[in-house]
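For reference, the structure discussed in these notes is given below.
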Ligand SMILES: C[S@@+](CC[C@H](N)C(=O)[O-])C[C@H]1O[C@@H](n2cnc3c(N)ncnc32)[C@H](O)[C@@H]1O
């Protein structure tokens, strides 16, 4: 088990801690609590399940490697970093109508420039029902139109995001690749698709494309390998017997409130996540 001790590699960039995307399972609501639970580290910050990158933006580290298995998401982050003004200009040209939504949804990313792919991701994220990024077995986006009356972006947030992303290594990769190259004194924050609260009983809805029990086992094994090399690790997942059993032998497990208004009722609705670490949580951290 690694103990806190080294100095943190946090910087003082001006990103205000908000992402330009809203992602299913996104950590915006408690990114600050997760950053407070970070170990001291002197190497790179790594986030192999990037999603909207809520914890990255909250931390704003000097050195970071960010990756996700979704290539559209990574192209989007790269384009925001490269030319946020061009992204905003092209977003301004997109009407928020069911017809245009259907046309953007139909468009194949392979027929688009990288800038168009990035704008497609932000547009669909802000106009699709609940911002869901959902694809069918052929990889085609299939979430329905949300009919929301809201802007596609906040200028300050997008410019701050570009600033925070300058010089950051952004990759399309499976999580294991990132974990296997992490070095001692790097901090890796892992936020995989969660184990369902009802366990794995609902097997009929499980498809090979989803993140299933075998992937969680593969993740635990990659974390054990990285931990042996001195990498600091933090994983979030649902408070389920599966997660407790899988990680309990090799890691420390702490319960963490996911809402401020925690009470008996909301606890019943699953307002706790598990925080899995290979270091003692810094005292004063907000995990319980
Ligand atoms: C729960 S979301 C992460 C949310 C993120 N922490 C946030 O704040 O928005 C999980 C992410 O894992 C990605 N993912 C799924 N399987 C993966 C894999 N095998 N390797 C890397 N990323 C994967 C998904 O594309 C998704 O973006």
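Just so it is clear, none of the values below were taken in a lab; they were calculated from the coordinates. If you're wondering where the values come from, they're calculated on a predicted model, not measured in any experiment. Using ideal geometry, Cβ is built from the backbone for each residue, glycine included, and neighbour counts are taken over all protein chains shown.
In plain terms, the chain from residue 283 to residue 113 could stretch by 56.4 nm, reckoned as 0.36 nm per residue minus the Cα-Cα distance. If the Kirkwood radius is taken over C-alpha pairs of the chain, then at 37 °C and 0.692 mPa s the Stokes-Einstein diffusion coefficient equals 166 µm²/s.
Given Cα pairs under 8 Å that are at least 6 residues apart, what percent is the relative contact order of segment 106-164? Walk me through the intermediate numbers first.
Details: 42 pairs, mean separation 16.2, N = 59.
27 percent.
With contacts taken as Cα pairs under 8 Å and at least 6 residues apart, the chain reaches a relative contact order of 24 percent. Compute the angle between helix 71-82 and the longest alpha-carbon principal axis of the chain, please, reported from 0 to 90 degrees and rounded to the nearest 10. The angle comes out near 80 degrees.
When the alpha carbon gyration tensor of segment 74-160 is reduced to an equivalent ellipsoid, its three semi-axes come out at 20, 16, 11 angstrom, largest first. Counting only DSSP beta bridges whose two residues both lie in the chain, roughly 50 percent are antiparallel. Taking only Cα atoms, what is the 0 to 90° angle, nearest 10, from helix 114-127's long axis to the longest principal axis of the chain? The helix 114-127 is inclined about 80 degrees to the chain. What separates the Cα centres of segment 37-115 and segment 161-199 is a distance of 14 Å. Across all C-alpha atoms in segment 116-200, the radius of gyration and Dmax reach 16.8, 47 Å. Measuring spread by the Cα atoms of segment 36-82 yields a radius of gyration and Dmax of 11.3, 32 Å. Compared with the dominant Cα axis of the chain, that is its longest principal axis, helix 213-228 is turned about 60°. Using 1/(1 + (r/R0)^6) with R0 = 25 angstrom and r between the beta carbons of residue 252 and residue 32, what's the FRET efficiency to the nearest 0.05? That pair, residue 252 with residue 32, gives E of 0.75.
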